[in-house]
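Only one structure is covered here, and it is reproduced in the block below.
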Amino acid sequence: MTSSNNNTNRHSVPEARAAMEQMKYEVANEIGVPLKQGYNGDLTSAQNGYVGGYMVKKMIEAQQRQMAGK
């Protein structure tokens, strides 16, 4: 297997970085995941996955509303 320098944490729109961070903490709070600033190694992969998955769900819903003109 070859090594790759792809950084999957890179934002496509760097200006959105702060908004994405804020959304992450809001989503974690909404679904009851104790996400905190700094080290979060005590969280399970399932907890982290819920946060990411819910973020994607909310972003898709927002885009659909925008496309529908609402």
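So is TYR25 under 9 Å from the mean Cα position of the chain (by Cα), part of a helix (DSSP H, G or I) and surrounded by 14 or more Cβ atoms within 10 Å (Cβ to Cβ) or not? Walk me through how you get there before you give the answer.
On the way: under 9 Å from the mean Cα position of the chain (by Cα): yes; part of a helix (DSSP H, G or I): yes; surrounded by 14 or more Cβ atoms within 10 Å (Cβ to Cβ): yes.
Here the answer is yes, as TYR25 does meet what is asked.
In this structure, does MET55 turn out to be surrounded by 10 or more Cβ atoms within 10 Å (Cβ to Cβ), assigned to a helix (DSSP H, G or I), without any contact (Cβ under 8 Å) to a residue 60 or more places away in the chain and touching a Lys or Arg at 6+ places or on another chain (Cβ under 8 Å)?
Judged against the criteria, MET55 is a match.
Only the coordinates and a few stated rules stand behind these numbers; no lab work does. Small disclaimer: the values here were computed from a predicted structure and weren't measured. Neighbour counts run over all protein chains shown; Cβ positions are idealised from the backbone, glycine included.
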